[in-house]
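Below: one structure, written as structure tokens.
The values are calculated or read from the model by the stated rules, or taken from the named source; none is laboratory data. This one's a predicted model, so the numbers in the text were calculated from it and none came from an experiment. Note: ideal-geometry Cβ built from the backbone for every residue, glycine included; neighbour counts use all protein chains shown.
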Amino acid sequence: MQTSAALIGDIPASRKALGRGLIIAASLGLAAVLVWQILFVSGNVEEGFDTWRPVLYAYLAWAVVLGVSQVIIRGEAGQRALFVLPAVLFTISMVIFPTAFGIYIAFTDWNLSSFEGRQFNGLDNLRALFEDSYYWNSLGNMAFYVAMVLVEYAIAFGLALLLNAEIRARRFFRVVFLLPFMLSPVAISWMVGKSLMEYRFGPAANLARFLGWEKPAFFTEPWIAKISIEVMDAWMYIPFMMILLLAGLQAMPRDVSEAARVDGANGWQTFWKITFPLMLPVSVTAIVLRIIFKLKLADIIINVTAGGPGGATDSVTSFIYREYRDRSNVGYGTMLAEFYLVIIIIFMLTLLRFVSRWLRKLD
Amino acid sequence: MSSTTSAIEAAAAAERSAARYDQSRAARIISRTAIYGALLLWAFICLFPIYWTLTTSFKTAKDVQQGALIPFVDFEPSWIGWKSLGLSPDTIFETSTVREEFLARFINSVMTSLSASMLAIVIGSLAAYGLSRFEYKWGPFRNKDISFFFLSQLILPPVVLALPFLVLYKEVAMLDSSIGLILLYALMVLPIVIWIMRDQFKSIPAELEEAALVDGLSSWGALLRIVVPISLPGMVAAFILSLVLCWNEYFFAALLTSTDAKTLPVMVASQTGSQGINWWSMAALSSAAIVPLCIVGILLERYIIKGLSTGAVK
């Protein structure tokens with residue numbers, strides 16, 4: 001592979017100057033549109049655009065010029081940069097910028113229903129956050145939901161083992177087991193949470209009555225409600241872990257477990273001594289990915305319980321959703337979300353460090 | 001005499017082995033029964049909610065309240081659910097505002113999820129290809145850092161972006177627009193696409209493109225002519241997975257759309273009428289939201305499993 005230095009060497013200086021000139025011109029253009037619009041919105045200039053959309057177009061044009069000038073300045077190396085550039089620019093403009101903007105919002109008392117508009121209110125939101133028992137309650141619920149990932153993992157592992165056994169109609173069972181993952185959480189919330197688990201006519205309630213639970217109410221007692229939500233979420237996401245684990249099982253060398261069996265180990269011993277240790281890396285991947293998805297849990301809660309009874313089922317996301325929907329409290333809601341992001345990042349970094357150290361120790 | 005003893009011994013041995021055979025056969029039958037029992041039980045757990053949804057769309061209020069289960073035995077199926085959407089045999093040729101509303105939501109969902117998946121596949125595949133083939137050095141950032149930057153987006157919870165986007169989209173007049181949703185959905189599935197495609201490209205030997213480069217193709221030409229055709233199965237896998245996630249997305253759609261760009265999940269969620277819930281129409285709507293992906297799942301299961309299990313096994 002050629003080095004980029006050699007590739008740059010072929011480009012004449014005049015072409016490089018042209019490319020640099022293009023970037024500078026585009027940047028100046030973008031800055032001009034931006035400054036003009038800021039001046040217009042702050043009332044210093046009479047003429048301007050109704051919305052910020054032209055600034056967006058200016059940004060798009062700037063991005064295109066940036067890409068073109070990369071090719072002009074750096075030739076082949078520039079062409080290579082074009083592979084990654086769109087995704088990088090897209091992600092930065094869709095994540096970094098809004099998150100930074102969110103941090104600004106988080107320190108204002110912005111309420112969409114109030115007429116006064118936003119005002120910087122310093123650390124008030126943060127102070128309110130620490131006193132908001134409902135928010136901490138929802139964080140506690142998240143801890144419960146995340147811990148339950150281990151139970152989901154055990155079930156998913158069992159199902160993967162079943163699918164990996166010598167069975168007929170393997171494809172049929174695989175398709176059927178995968179289906180819950182494909183279904184719309186909203187439709188499931190209504191048809192399972194509100195209909196199938198309805199305490200008067202739902203088949204789940206009838207079954208529970210048949211099994212001896214006299215008044216089966218899945219969403220009125222705090223702990224039962226929490227478990228009901230968890231069961232529904234588990235039902236949808238167990239296939240996800242199951243597929244990962246099944247792929248791991250199928251990639252495992254068959255002769256290892258067969259050798260163990262010849263040596264007289266029974267199925268239970270083979271599993272704990274051979275299969276489970278060999279599956280640890282896949283298991284860790286599956287659990288970590290599942291936790292990432294779990295931290296976003298919201299749709300089912302919003303639709304089935306709306307956080308009730310008394311916040312017992314609330315996840316952080318569903319709580320913030322209501323904070324906005326019911327109270328239009330953008331400033332405070334954003335502060336809650338940014339704080340949640342910080343917690344997630346710290347939690348995930350700790351988890352990953354712990355896991356990688358643990359795996360290394362096992363080797 | 002000795003022949004008799006050996007005959008007896010042989011008979012005893014045969015009996016023992018037969019007993020052992022019987023025993024292992026019994027154990028085998030038990031374990032088979034347990035395996036198939038567990039498989040069937042879980043298959044029932046997976047399928048029953050889908051069955052419940054589909055059958056409920058044919059139940060009248062009375063049948064819903066009785067918790068009727070089996071059509072023609074417990075209840076007489078009627079088209080009531082589909083009639084309420086204007087999709088039953090007798091209403092399908094009449095004009096129906098509900099059907100128009102439903103079709104608009106359905107088409108919104110289709111367009112949004114298809115476009116977002118396409119966008120994510122194009123820019124995600126390009127990035128994955130670049131990262132798997134070339135060495136980048138952008139300031140302090142190398143390939144590993146750029147990859148990590150993309151993958152780390154996976155942990156970003158939607159709620160962190162939702163409120164800032166609400167404000168930003170309002171400022172650029174993109175609130176309640178399909179484009180706004182498409183951009184966000186593409187962002188949501190981009191890390192997954194990059195993950196799958198990077199794995200896919202790594203499995204293709206670089207010699208193939210080097211030969212093409214020698215033949216005078218540029219790196220872009222080599223990608224389009226040589227690499228894309230080979231990696232098509234991986235792209236399909238990433239595309240289907242994106243499609244599933246975008247089709248089912250509710251949170252952003254609920255916050256950022258109101259009338260024009262509303263998608264099917266939002267319509268499903270807003271079905272509570274003044275007299276409670278019309279279960280038959282709710283079930284029909286839910287079926288419409290579920291069935292397309294069930295069909296995709298049954299037909300393209302291979303690709304979904306391929307997409308999901310990428311990177312699980314190293």
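Scanning the range B:73-96 for residues that are within 19 Å of B:Trp279 (Cβ to Cβ) and of a type in the set (Phe, Trp, Tyr) yields B:Phe75, B:Trp79, B:Trp82. Residues that are at pLDDT 90 or above, in a helix (DSSP H, G or I) and in contact with a Ser or Thr (Cβ under 7 Å, 6 or more places away or on another chain) within the range A:274-301 comprise A:Asp299, A:Ile300, A:Ile301, listed in sequence order.
Residues in the range B:226-265 that are surrounded by 20 or more Cβ atoms within 10 Å (Cβ to Cβ), without any contact (Cβ under 8 Å) to a residue 24 or more places away in the chain and out of contact with any Pro (no Cβ under 6 Å at 6 or more places or on another chain): 1 in all.
Only one residue in B:Lys59, B:Lys83 is part of a loop (DSSP other than H, G, I, E, B) and surrounded by 10 or more Cβ atoms within 10 Å (Cβ to Cβ), so which one is that?
It is B:Lys59.
With respect to the stated conditions, B:Trp247 fails to be within 28 Å of A:Ala77 (Cα to Cα), part of a helix (DSSP H, G or I) and of a type in the set (Phe, Trp, Tyr). If you go through the range B:137-180 and keep only what is among the charged types (D, E, K, R), more than 21 Å from B:Ala116 (Cα to Cα) and not in a helix (DSSP H, G or I), you end up with B:Lys137, B:Arg142. Does the range B:201-222 include one or more residues that are touching an Asp or Glu at 6+ places or on another chain (Cβ under 6 Å) and at pLDDT below 85? Yes, because at least one residue in the range B:201-222 is touching an Asp or Glu at 6+ places or on another chain (Cβ under 6 Å) and at pLDDT below 85. Per this entry, A:Ala337 is not counted among residues that are farther than 30 Å from A:Tyr199 by Cα, surrounded by 19 or more Cβ atoms within 10 Å (Cβ to Cβ) and touching a Leu at 6+ places or on another chain (Cβ under 6 Å).
Assess whether A:Ala247 counts as being of a type in the set (Gly, Ala, Ser) and without any contact (Cβ under 8 Å) to a residue 24 or more places away in the chain.
It is false that A:Ala247 is of a type in the set (Gly, Ala, Ser) and without any contact (Cβ under 8 Å) to a residue 24 or more places away in the chain.
Contact map, the range A:46-66: first residue more than 9 Å from every other protein chain (Cβ to nearest Cβ) and at negative phi, second residue outside any loop (DSSP other than H, G, I, E, B) and modelled with pLDDT of 90 or more, Cβ cut-off under 6 Å, separation 6 or more or different chains; pairs are A:Ala63/A:Leu89. Residue check: A:Phe293 meets all listed conditions (1) farther than 17 Å from B:Asn248 by Cβ; (2) touching a helix residue (DSSP H, G or I) at 6+ places or on another chain (Cβ under 8 Å); (3) of a type in the set (Phe, Trp, Tyr) but one, namely (1). On the stretch given as the range A:317-344, residues that are more than 20 Å from B:Val167 (Cβ to Cβ) and facing chain B (nearest Cβ under 7 Å) total 1. The combined condition, being touching a residue at least 60 places away in the same chain (Cβ under 8 Å) and out of contact with any helix residue (DSSP H, G or I) (no Cβ under 9 Å at 6 or more places or on another chain), is not fulfilled by A:Trp190. A search for C-beta distances below 9 Å between a residue of the range A:131-160 that is part of a loop (DSSP other than H, G, I, E, B) and any residue that is buried (at least 18 other Cβ atoms within 10 Å of the Cβ), counting only pairs 6+ apart in sequence or on different chains, returns A:Asp132/A:Tyr332; A:Asp132/A:Leu336; A:Met148/A:Glu230; A:Met148/A:Asp233; A:Met148/A:Ala234; A:Met148/A:Lys294. Search the range B:250-267 for residues being part of a loop (DSSP other than H, G, I, E, B), in contact with a Ser or Thr (Cβ under 9 Å, 6 or more places away or on another chain) and more than 9 Å from chain A (Cβ to nearest Cβ), and hand back the single one that is farthest from B:Ile182 (Cα to Cα). Checked the range B:250-267; the qualifying residue farthest from B:Ile182 (Cα to Cα) is B:Asp260. Against the numbered list (1) over 23 Å from the mean Cα position of the chain (by Cα); (2) within 25 Å of A:Ile188 (Cβ to Cβ), B:Ala222 comes up short only at (2). Remark: pairs (first residue in the range B:122-136, more than 7 Å from every other protein chain (Cβ to nearest Cβ) and in contact (Cβ under 8 Å) with a residue 12 or more places away in the chain; second residue among the hydroxyl-bearing types (Ser, Thr, Tyr) and assigned to a helix (DSSP H, G or I); Cβ separation under 9 Å; 6+ apart in sequence or on different chains) = B:Ala128/B:Ser147; B:Arg133/B:Ser219. Just so you know, in the range A:67-96 the residues that are more than 30 Å from B:Ile155 (Cα to Cα) and within 8 Å of another protein chain (Cβ to nearest Cβ) include one that is modelled with the highest pLDDT, and it is A:Gln79.
Checking each residue in the range B:225-236 for being of a type outside the set (S, T, N, Q) and away from chain A (no Cβ under 12 Å) picks out B:Arg225, B:Ile226, B:Val228, B:Pro229, B:Ile230, B:Leu232, B:Pro233, B:Gly234, B:Met235, B:Val236.
Residues in the range B:268-294 that are hydrophobic (A, V, I, L, M, F, W, C) and not in a helix (DSSP H, G or I): 1 in all. Could you list, in sequence order, all residues of the range B:98-157 that are surrounded by fewer than 20 Cβ atoms within 10 Å (Cβ to Cβ), within 29 Å of B:Thr257 (Cβ to Cβ) and among the polar types (S, T, N, Q)? Across the range B:98-157, the qualifying residues are B:Ser115, B:Ser152, B:Gln153. Inspect all residues belonging to the range A:245-256 and state whether any of them is under 30 Å from the mean Cα position of the chain (by Cα), buried (at least 21 other Cβ atoms within 10 Å of the Cβ) and of a type in the set (S, T, N, Q). No, the conditions are met nowhere in the range A:245-256.
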